[in-house]
Amino acid sequence: MNHMLSIRGVTYAAVEFGSGESLLLLHGFTGSKAVFQPFREEWASHFRCIVPDLLGHGDSDAPLSPVRYGMAETLRDVLAILDTLEVKQTHVLGYSMGGRIALAFALTYPERVHRLVLEGASPGLRTDDGRTSRRASDEQLAQFIETEGVQAFVERWESIPLFASQRRLPEDVFLNQRAIRSQQRKEGLAGSLRGIGTGQQPSYWSRLHELRIPTLLVTGELDMKFTQINEQMAACMQDATHVVIQDAGHTPHIEKPSDFQRIVVEFLR
Ligand SMILES: C=C(O[C@H]1C=C[C@H](C(=O)CCC(=O)O)[C@@H](C(=O)O)[C@@H]1O)C(=O)O
């Protein structure tokens, strides 16, 4: 079922499929609801999946004001999406930026989250200096997107070291991800970076100990940066299991989809 949801003055596109316990799926920066399409058949047999396009992505609105993309606004939007679809409590799976949002949502509305899966996520940056520096680099990237366009950005984005392992992907998988990224709007990507980029969101490091929700942290063995971050996260959390998927980089759901799918279903079932 496809939805166009009027949420707090903006429109979110979402797809809903399957039956069972609810599972909210949150894509990453440059993604869309399409990134979870390969798992649809398997997950539909276990869960009622709800997959929104986050603001600035896919078929959802791309507000002019970066503030509207902010973490506080996005968390209220996610809550309103669940209320609109009459979901009282849900599993939440977030990838990368979607994982940052998923973690913040679980900390803000813990009563609404049953289990949490974070893939390649973080609680934000620990220091003001780190956030200031990241906001500056994200602003430069946003300006690059606005002046050079989405295709030039996608070529640049694909080439960052974090995604080096994706060069080994089967061509159809690599080209599908490229297509999803290439379909984004420059104003949406720029607004998302400025509004909810890693440097813009608050740090949740000091609150990780509060979380009592069973949490699965998933990172790829070749993604040393986020594997180290998630090791540190697990050490702060009361009920977190960190699984490192071998021979995968930042995006295990496309690099090792069978391993990823098995680990997620085993954790949520
Ligand atoms: C490059 C860094 O951070 C970015 C990496 C991943 C996040 C993401 O959502 C990318 C998804 C994708 O393209 O597959 C993104 C985010 O959390 O917004 C980060 O900006 C880095 O070195 O930290």
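The values are calculated or read from the model by the stated rules, or taken from the named source; none is laboratory data. What you see is a predicted model; the values in this text were computed from it and never measured. Methodologically, a virtual Cβ is constructed for each residue, glycine included, from the backbone with ideal geometry; neighbour enumeration extends over all protein chains shown. With ligands, DNA and RNA removed, areas are computed over all heavy atoms of the protein, side chains included. Shrake-Rupley method; radii C 1.70, N 1.55, O 1.52, S 1.80 Å.
For the reader, a short list of remarks on this structure follows.
- Inter-residue pairs, beta-carbon under 7 Å, first closer than 17 Å to Gly31 by Cβ and aromatic (Phe, Trp, Tyr) and in region 95-107, second outside any strand (DSSP E or B) and within 11 Å of the ligand (Cβ to nearest atom), 6+ apart: Tyr95/His27; Tyr95/Gly28; Tyr95/Gly120; Tyr95/His253
- Hey, Ala106 open to solvent by less than 40 Å² (accessible area, probe 1.4 Å), more than 13 Å from the ligand (Cβ to nearest atom) and within 24 Å of Ala152 (Cβ to Cβ) or not: no
- Entry remark, region 140-181: residues being part of a helix (DSSP H, G or I), open to solvent by less than 30 Å² (accessible area, probe 1.4 Å) and under 21 Å from Leu64 (Cα atoms) number 6 in total.
- Look at region 70-91: where a residue is free of Cβ contacts under 8 Å to residues at least 24 places away in the same chain and more than 19 Å from Leu118 (Cβ to Cβ) and a partner is of a type in the set (Val, Ile, Thr) and outside any strand (DSSP E or B), sitting 6+ places away or on another chain with Cβ atoms under 9 Å, you get Ala72/Thr108.
- Flag for Gly199 being under 16 Å from Ile101 (Cα atoms), within 14 Å of the ligand (Cβ to nearest atom), open to solvent by less than 20 Å² (accessible area, probe 1.4 Å) and part of a helix (DSSP H, G or I): no
Conditions tested, residue by residue: (1) crowded, with 18+ Cβ neighbours inside 10 Å; (2) small (Gly, Ala, Ser).
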site	(1), (2)
Leu5	no, no
Ser19	no, yes
Ser22	yes, yes
Leu26	yes, no
Ser45	no, yes
Val51	yes, no
His57	yes, no
Ser60	yes, yes
Ser65	no, yes
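- Top-ranked residue in region 239-262 [being in a loop (DSSP other than H, G, I, E, B) and more than 18 Å from Leu26 (Cβ to Cβ); ranked as farthest from the ligand (Cβ to nearest atom)]: Asp239
- Restricting region 7-17 to residues that are more than 26 Å from Val173 (Cα to Cα) and without any contact (Cβ under 8 Å) to a residue 60 or more places away in the chain, the residue that is most open to solvent (accessible area, probe 1.4 Å) is Gly9.
- Qualifying residue in region 120-131 (condition: open to solvent by 20 Å² or more (accessible area, probe 1.4 Å), in a loop (DSSP other than H, G, I, E, B) and away from the ligand (no atom under 12 Å from the Cβ)): yes
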